[in-house]
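K.L.:
Below you'll find the structure I mean.
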Amino acid sequence: MKSSANSIPAACTRALLVTVLLSLLSSCDQAESITAAYRIENLNQWVGGPAANAVEGDFLLENEHLRVGVLSTRCSFEEQEAGDQCSSPGPGLFGGSLVDLDLRRTDSTQELGGGQDRFTELFDALNLDIMETQSVEVLSDGSDGSPAIVRSQGPSGDYISYLGLVGAVLSLPKTWHITDYILNPGEPYLRIRTTAVILDDEGEYTPDDPCGWQQGDDGLPCEAFRIEPAQGGIPLLDAMVAGGSLQFGDFFMAGGDVDIFVPGMGFHEEKEVAEAYVNGINTLVEPFTFPYIAASGDQVSYAMGTGGTLSAPLFMSSITAVFGAVHVAPLGAKGQTLHPQPGTAFTYERYMTVGEGDVGSAYDRLQQAFVDDGFQTAPGQVVGTVREEDTFEPLSRVEVLVYQDTGAERDALGLPPKEDLYSHWQTDRGQDPTPDGSFGGLLPEGDYLLVAKEPGRGPSQPQAVRVQSGESVTVGLLAPRTGILEFQIVDERGRALPSKISLRPVDAAGAINRPDLGDPYLPEGYTKVAFAPYGHSRLNLAPAAYDIVVSRGVEYSLWNSIQEGYPSGIQVDAGGASRIEVILEREVDTTGFISADLHVHAAPSPDSGVPLDTRVVTMACEGVEFLSGTDHDVITDYRPVIQELGLDAWVQASVGIESTTIEVGHYLSFPLTMDYSKPLGGAFDWTNKTPQDLIDTMREHGAHDPDETVVFVGHPRDGILGYFDQFGLDPFQGSLLRPHAEPSFATLANPVLSTPEEHFTMDFDGFEVLNGKRFELIRTPTHEEVLCQRSYTEQEPLDGCENGVSMYTMLERSMDEQRALEDLSQPFFLTRDMQGQIDDWFTLLNLGYRHTVLGNSDTHGLTKTESGCPRNFVISPVDEAELIDERDVARAVQNHGVVASYGPLLNVNLDGAPIGSELSTEDGTATLSIEVQAPRWMRVDRIEVYENARLIHEITGDALDVNSVVKYRGQLDVAPTGDDGLPRDAWYVVIALGDQDLGPLFTPVSIPRLELAEVVTEAIGEIDLGGFGVDSLVGPAPAFPRTFSVLPYAVANPIWLDVDGDRNGDGQDFEPLGAVPDWFRPAPQE
């Protein structure tokens, strides 16, 4: 591993670039060629790993370096009806995609599918179209020294209607896609070649294979049609508008098991993308550019490149597209664009490589591909070690950041700017058996700076190195020493208490948190969050004075070091050790309720890398007593993990799923049955299913009777992921049990969404009104609030809007606002631009529906959205977690016995009738009793009472005891009447909120969230088609605060009050309004 380049025999110069780091070869003939491509027939042939999805019936390529899994075609709906088993393993739609990628491992874990694959999926993109795969086959099986090749092919199609909208507007050409996955003997990289064949106007394609390559032929398929990789950015939208060009790339879905790394950004691309958007840069017009893209994970890493420049026009959590080549149509003699003729073919090639956990080991192999194909001269080698200052002990699993030395100014810690970040190594990476702090890899010739860094430890001083082609350089790094801080945490009874510890340096010098350098994301200066599931934690920390908060969710007191007598922080010294004993008291009386989070993700989801045991730990430490495992298209069972951890006294679980369709909404269900013998736990495929099909399928998979299976809709106003948004639910219209749904222009190409009269259903038990930290989805703001915020965002504030509108202001509804809405002579309206899920619910209640509203974290990580943020207080016959029965939880949810909450607990009854029940009274009156609890440290400064969607009472000011646990306890007499003055049935909902930052319990939203719909619609809104502006069809972007604190907020499900019996003779005592109130009105459309 530390050999000089000159020690390798000359005959091996071609393999030198990789073998000096792998120590696999001492001569070129040492490894036997085992190149092969075949259809998987049994478990032993799987690649395997946490994210592996290729199983029997799919395809595998392998050689002495790599094992690669490619999906077969996805079976059709007709085949499903015939009984064929299908699955939806990743975010792609049509199969034929790359889903598994791992090193060939030599230990016993390779058997029985025991690999380390952590990559989710990659599938080709052409002008934002993808392949509708019609066939996947072995083109060459790798025998007799030939390459192993699996080919997928099919016509171009839409991935998402928003993206298809671009093609429809621009009339882009129809193409046939041929993608070849190629493993050559001896090559440690996968070649991916996509050939686009231009079709005629009807999209017909009948000619033979244009590449004409067969096993045994020289070279590789489609060689004659290769186009050069781009050597600069590809302005995707401009190129497509110009016409005649073809942009080649991939949807690069690395997944949550790995951390994306991009040169010039590091590991925190999300912040870069958000800042670009806030600064007015639309990446479809001005994409990010970089020489390669990588992803780092546990024992495995990935890199992709072309030898040229990559461009990323879409770069966000839900979807990432990376483009690497473009064909620009030539101009004719008169300046006209010469469009390619039908049958013309173009081939785009890129390389995918696998490393041992750090970026550098994957980039090493990528550089070999570049050298082999003439895109790069031979790199040089860096070999080094990292040791601790003073002790000189070698440090394992420390990150070594590689910067290009541009001479740029360094920050206060001596670090170069993130724009100079180039690569990343890890000491003792992968399965290195010797913990000697060693690292190393290959770099193009040039000057670099190396910095050692790990979470909880300050960075080393940058070490300059000069790398020369074909030569080796040795370097040693010294990392600062740490200190130890130990915690023992108990409750008021002396029991060890699962808890969370949050630490923030008083002075950030030497104790920084840098997500761009690989640290976990933590806002507000916090550098460490630790979970202590058994009430004990021992932390290694950078020397500094720390402010510390110890917490356990929203029912307990907080331990704050400042309030406990450490105003200058708790000092941690290098080499020192201290111990802190903490008592947290249970303050909120939750008798009759349990705390539940019913929308939870972990490693089985392709976009989460949290192990199941870690997810259980976070739930216990955040005070969540019941969870439903709802991974994307995977059925998950946490119960064995809970038992193994011994945390069953604190938390219980149910088997569940989130069925994650691309465009027709997300549906969640529990309790389900898990089939441990089948991939994905026996999950069902949503392909070609309507919403009603999915709902029915979920109930059929119930662990008990179908009517005991809860089905609910997640985040219904979340753009392309939101059921209500996609079908165009209009909360301002509707009649009894007839909601009004009208799809938007952007979704008309989808046959399901475009026919809501056939496919829009309300046959589910509930939906989320609180989801993660999506406060912008909760309420429908007033038109004035949106105008104010938009003027502030556009830096042209209206009078009185110099600071925009706070999230708290958008959430509250005051009596003054209610009166203004009811005064129909005044121009005071709600906005049309963004609908809130609570206001959707109010309309549906008035139309006669009884859906339970929920609040769930939808957590995918650890600190960006915490477990139990928000949660549900569910009415329960038991109070101890270990006694919870999933059927009781499901029954309570179906019976509306739920308070959705970011903290406060609302205990509401109407003449003794609890939340979710119906009460009949003969005299037309009743008494609403309200109790609001929250721990002493949490503020509740406002309570709102609604009757049939109308705000009838607000409680503020001195009526609230904000410093006590019981913030309010009181009664309100109600006597509902209609417009005619006669008694009228009514439902009642209570909401409580507070203007308080709940960090660090729940960290604030400090990085603006960016949605695909915003990027696409804003970009195409600028397209001018001969005087017709597309912006007139897509509408304005929503205006709301993009960064904000998580606030105390809670909403109780209704209590229905019948005051006049079965007046209309339908057999039901309660008669809903059956219409939308006239005062619930949107601003007129301009």
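K.L.:
With VAL610, VAL624 as the choices, which residue is in the same structural domain as HIS715 (by TED's automatic domain parsing) and either over 22 Å from TYR676 (Cβ atoms) or in a strand (DSSP E or B) (or both)? Step through it out loud before you land on a result.
P.N.:
Values: VAL610 fails: either over 22 Å from TYR676 (Cβ atoms) or in a strand (DSSP E or B) (or both).
Result of the check over VAL610, VAL624: VAL624.
K.L.:
Anything in the range 663-684 that is within 19 Å of GLU768 (Cβ to Cβ), of a type outside the set (Asp, Glu) and either out of contact with any strand residue (DSSP E or B) (no Cβ under 8 Å at 6 or more places or on another chain) or surrounded by fewer than 18 Cβ atoms within 10 Å (Cβ to Cβ) (or both)? List them, or say none. Walk me through it before giving the result.
P.N.:
Here is the first cut: in the range 663-684, the ones within 19 Å of GLU768 (Cβ to Cβ) are 663-672.
Checking which are of a type outside the set (Asp, Glu) leaves us with 664-672.
Of everything in the range 663-684, just one residue is within 19 Å of GLU768 (Cβ to Cβ), of a type outside the set (Asp, Glu) and either out of contact with any strand residue (DSSP E or B) (no Cβ under 8 Å at 6 or more places or on another chain) or surrounded by fewer than 18 Cβ atoms within 10 Å (Cβ to Cβ) (or both), namely VAL664.
K.L.:
Just the residues that are more than 30 Å from GLY255 (Cβ to Cβ) and part of a strand (DSSP E or B), please, taken from the range 308-355. Before the answer, list the steps.
P.N.:
Within the range 308-355, the subset more than 30 Å from GLY255 (Cβ to Cβ) is 327-345.
Selection gives HIS327, LEU331, THR337, ALA345.
K.L.:
Same structure, new question: Would you be able to tell me the number of residues in the range 505-549 that are in a strand (DSSP E or B), farther than 19 Å from GLU622 by Cβ and not aromatic (Phe, Trp, Tyr)?
P.N.:
Here the count works out to 7.
K.L.:
Give the residues of the range 986-1007 that are surrounded by 19 or more Cβ atoms within 10 Å (Cβ to Cβ) and small (Gly, Ala, Ser), sorted by residue number.
P.N.:
Hits for the range 986-1007 are ALA986, ALA992, GLY994.
K.L.:
Would you be able to tell me the number of residues in the range 70-88 that are at pLDDT 85 or above and surrounded by 21 or more Cβ atoms within 10 Å (Cβ to Cβ)?
P.N.:
Residues of the range 70-88 that are at pLDDT 85 or above, as a first pass: 70-73.
Still in the running and surrounded by 21 or more Cβ atoms within 10 Å (Cβ to Cβ): 70-72.
Final tally of qualifying residues: 3.
Residue-by-condition table, conditions (1) touching a Ser or Thr at 6+ places or on another chain (Cβ under 9 Å); (2) surrounded by 15 or more Cβ atoms within 10 Å (Cβ to Cβ); (3) modelled with pLDDT under 55:
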site: MET1; (1), (2), (3): yes, no, yes
site: PRO9; (1), (2), (3): yes, no, yes
site: THR35; (1), (2), (3): yes, yes, no
site: GLU64; (1), (2), (3): yes, yes, no
site: VAL68; (1), (2), (3): no, yes, no
site: GLY90; (1), (2), (3): yes, yes, no
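K.L.:
Please enumerate the residues belonging to the range 215-253 that are in contact with a strand residue (DSSP E or B) (Cβ under 8 Å, 6 or more places away or on another chain) and among the polar types (S, T, N, Q).
P.N.:
Within the range 215-253, GLN215, SER245, GLN247 qualify.
K.L.:
If you scan the range 698-736, which residues turn out to be over 20 Å from THR843 (Cβ atoms) and aliphatic (A, V, I, L, M)?
P.N.:
Once the filter is applied, which keeps residues that are over 20 Å from THR843 (Cβ atoms) and aliphatic (A, V, I, L, M), the range 698-736 yields MET698, ALA703, VAL710, VAL711, ILE720, LEU721.
K.L.:
Could you list, in sequence order, all residues of the range 627-636 that are touching a helix residue (DSSP H, G or I) at 6+ places or on another chain (Cβ under 7 Å) and part of a loop (DSSP other than H, G, I, E, B)?
P.N.:
First pass over the range 627-636, keeping only residues touching a helix residue (DSSP H, G or I) at 6+ places or on another chain (Cβ under 7 Å): 627, 633-636.
Hits for the range 627-636 are ASP633, VAL634, ILE635.
K.L.:
Let me ask something else about it. Please work out if PRO904 is under 33 Å from the mean Cα position of the chain (by Cα), of a type outside the set (Asp, Glu), buried (at least 17 other Cβ atoms within 10 Å of the Cβ) and at pLDDT 95 or above. Give the steps one after another, and end with the answer.
P.N.:
Working: under 33 Å from the mean Cα position of the chain (by Cα): yes; of a type outside the set (Asp, Glu): yes; buried (at least 17 other Cβ atoms within 10 Å of the Cβ): yes; at pLDDT 95 or above: yes.
In short, yes.
K.L.:
Please enumerate the residues belonging to the range 583-607 that are part of a loop (DSSP other than H, G, I, E, B) and within 17 Å of LEU680 (Cβ to Cβ). So that I can check it myself, show each step before the final result.
P.N.:
To start, the set of residues in the range 583-607 that are part of a loop (DSSP other than H, G, I, E, B) comprises 585, 587-592, 601-607.
Selection gives HIS601, ALA602, ALA603, PRO604, SER605, PRO606, ASP607.
K.L.:
Quick check on the range 685-709: of everything there that is within 30 Å of ARG1009 (Cβ to Cβ) and in contact with a Leu (Cβ under 8 Å, 6 or more places away or on another chain), which residue is surrounded by the most Cβ atoms within 10 Å (Cβ to Cβ)? Walk me through it before giving the result.
P.N.:
Let us first name the residues in the range 685-709 that are within 30 Å of ARG1009 (Cβ to Cβ), namely 685-687, 689-691, 694-695, 698.
Now drop any that are not in contact with a Leu (Cβ under 8 Å, 6 or more places away or on another chain), which leaves 686-687, 698.
Details: TRP686: 22, THR687: 18, MET698: 24.
Within the range 685-709, the match that is surrounded by the most Cβ atoms within 10 Å (Cβ to Cβ) is MET698.
K.L.:
So, GLY335, is that one in contact (Cβ under 8 Å) with a residue 60 or more places away in the chain and not assigned by TED's automatic domain parsing to the domain that holds ASP607 or not? Quick ask: steps written out before the conclusion?
P.N.:
On the way: in contact (Cβ under 8 Å) with a residue 60 or more places away in the chain: no; not assigned by TED's automatic domain parsing to the domain that holds ASP607: yes.
For GLY335, the condition - in contact (Cβ under 8 Å) with a residue 60 or more places away in the chain and not assigned by TED's automatic domain parsing to the domain that holds ASP607 - is not met.
K.L.:
Take the range 397-412 and flag every residue that is surrounded by 17 or more Cβ atoms within 10 Å (Cβ to Cβ) and in a loop (DSSP other than H, G, I, E, B).
P.N.:
So the first thing to find is which residues in the range 397-412 are surrounded by 17 or more Cβ atoms within 10 Å (Cβ to Cβ), and the list is 398-405.
VAL398, ASP405, listed by residue number.
K.L.:
Answer yes or no as to whether ALA881 is among the small types (Gly, Ala, Ser), touching a residue at least 12 places away in the same chain (Cβ under 8 Å) and closer than 29 Å to PRO781 by Cβ.
P.N.:
Numbers: among the small types (Gly, Ala, Ser): yes; touching a residue at least 12 places away in the same chain (Cβ under 8 Å): yes; closer than 29 Å to PRO781 by Cβ: no.
So ALA881 does not fit the description; no.
K.L.:
Right, next: Within the range 848-874, how many residues are in a loop (DSSP other than H, G, I, E, B) and crowded, with 22+ Cβ neighbours inside 10 Å? If you could, list the steps in order and put the result at the bottom.
P.N.:
First, pick out the residues of the range 848-874 that are in a loop (DSSP other than H, G, I, E, B): 848-851, 857-858, 860-870.
Checking the rest, the ones that are also crowded, with 22+ Cβ neighbours inside 10 Å come to 857-858, 865-870.
So the answer is 8.
K.L.:
On to the next question. Tell me, which residue of the range 945-975 that is part of a strand (DSSP E or B) and in contact with a helix residue (DSSP H, G or I) (Cβ under 9 Å, 6 or more places away or on another chain) is surrounded by the fewest Cβ atoms within 10 Å (Cβ to Cβ)?
P.N.:
Let us first name the residues in the range 945-975 that are part of a strand (DSSP E or B), namely 945-947, 950-956, 966-974.
If we keep only those that are in contact with a helix residue (DSSP H, G or I) (Cβ under 9 Å, 6 or more places away or on another chain) too, we end up with 946, 950-954, 968, 970.
Details: TYR946: 22, ARG950: 18, LEU951: 19, ILE952: 17, HIS953: 16, GLU954: 18, TYR968: 19, GLY970: 13.
Out of the qualifying residues, it is GLY970.
Listed here are the residues, each with its yes/no results for (1) more than 34 Å from the chain's Cα centre (by Cα); (2) acidic (Asp, Glu).
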{"residue": "GLU399", "(1), (2)": "no, yes"}
{"residue": "ASP420", "(1), (2)": "no, yes"}
{"residue": "TRP425", "(1), (2)": "no, no"}
{"residue": "GLN431", "(1), (2)": "no, no"}
{"residue": "VAL451", "(1), (2)": "no, no"}
{"residue": "GLY456", "(1), (2)": "no, no"}
{"residue": "GLN463", "(1), (2)": "yes, no"}
{"residue": "ARG493", "(1), (2)": "yes, no"}
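K.L.:
Which members of the range 280-312 meet the condition of being buried (at least 22 other Cβ atoms within 10 Å of the Cβ), among the β-branched types (Val, Ile, Thr) and touching a helix residue (DSSP H, G or I) at 6+ places or on another chain (Cβ under 8 Å)?
P.N.:
Selection gives THR283 alone.
K.L.:
Quick one: count up the residues across the range 127-144 that are β-branched (Val, Ile, Thr) and either surrounded by fewer than 22 Cβ atoms within 10 Å (Cβ to Cβ) or outside the structural domain of THR320 (by TED's automatic domain parsing) (or both). Show your work before the answer.
P.N.:
Step one: list which residues in the range 127-144 are β-branched (Val, Ile, Thr), which gives 130, 133, 136, 138.
Imposing the further condition that a residue be either surrounded by fewer than 22 Cβ atoms within 10 Å (Cβ to Cβ) or outside the structural domain of THR320 (by TED's automatic domain parsing) (or both) reduces the set to 138.
Residues in the range 127-144 being β-branched (Val, Ile, Thr) and either surrounded by fewer than 22 Cβ atoms within 10 Å (Cβ to Cβ) or outside the structural domain of THR320 (by TED's automatic domain parsing) (or both): 1 in total.
K.L.:
Right, another one. Could you identify the single residue in THR179, THR195, THR106, THR175 that is more than 18 Å from ALA54 (Cα to Cα), at pLDDT 95 or above and among the β-branched types (Val, Ile, Thr)?
P.N.:
Details: THR179 fails: more than 18 Å from ALA54 (Cα to Cα); THR106 fails: at pLDDT 95 or above; THR175 fails: at pLDDT 95 or above.
Of the residues listed, the single one that is more than 18 Å from ALA54 (Cα to Cα), at pLDDT 95 or above and among the β-branched types (Val, Ile, Thr) is THR195.
The values are calculated or read from the model by the stated rules, or taken from the named source; none is laboratory data. For clarity, every value in this text was computed on a predicted model and none was experimentally measured. Because the Cβ atoms are built from the backbone with ideal geometry, glycine has one as well, and the counts that use them run over all protein chains shown.
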